[in-house]
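Reviewing the structure listed below.
The values are calculated or read from the model by the stated rules, or taken from the named source; none is laboratory data. This one's a predicted model, so the numbers in the text were calculated from it and none came from an experiment. To get the accessible areas, we keep the full protein, side chains included, count just its heavy atoms, and leave off ligands, DNA and RNA. Shrake-Rupley method; radii C 1.70, N 1.55, O 1.52, S 1.80 Å.
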Amino acid sequence: GAQFIVTDAGTLASLPPTEARLLLVDADATLLRACNTQAIEPGDGTSDEDPAYVIYTSGSTGTPKGVMVSHAGLVNLARRQQASLGVTSESRVLQFGSISFDASIWECLLAWGSGACLVLAHREDLLPGAALYGTLRDHAITHALLPPVAVSMMPSHEGLDALQVLCVGGEACPSGLAQRWARPEKGRRLVNLYGPTEATVCATSHECTPDEAGAVPIGKPLPNAQVYVLNARMQPVGVGVVGEIHIGGAGVAL
């Protein structure tokens, strides 16, 4: 129906249907108290297995395709990561990922599902290097998910006193990066996440230590996920034998 905008003066102004809606939630408490707060019930026939979003893969292994991710997969990811990463209503989560990249879903759900603050920044303030470092510092970010290359370009791992959990993903994590950024003595954890788009953002997790050497592991499956290393005949391989990862469980897309 009708669309409205709350102006800086706290008044309502009508908008043409084609324009975006902007709500300044702190502008008028009286207006917000008058809103309908009744919970919206799911419609008939909906279930946890219904699609929550469709996102396209990169196409690195073929033609890009739309992947349907279920509500059940998202809920499992959000609840398990909130618990394991210690996200609370006092946390401040950085939105670094583009909305076209599934890491942005991880960021949103981590914040929204726990009542934390989701910190949005201008594109230029997220550029790897001094700009990104300044954003983490000035906005007292407690939780962030960044590609290792962006972490490696920051001028220092010191001075980020609020940063409690730094997650890396999207590419292999160098051992040198883990050695620099994993600082348990300062209350900072470095977590290496791995997972394809079809597994609801990430499927495995490894908590890095300052003495990491060699290739940093991708870790173990998240709760309610299963990961197998299989050979060409779809049989499990032995310890130390090269195979291909196969993922099952709650996060697998429809």
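Brief remarks on what is shown
- Carbon plus sulfur fraction of accessible area for segment 118-254, probe 1.4 Å, in percent: 56 percent
- Normalised per residue, the accessible area of segment 53-155 is 49 Å², obtained with a 1.4 Å probe and no contribution from ligands, DNA or RNA.
- Accessible area per residue for segment 188-254 is 56 Å², calculated with a 1.4 Å probe on protein heavy atoms, without ligands, DNA or RNA.
- Whole-angstrom Cα spans of segment 107-202 along principal axes, big to small: 34, 29, 28
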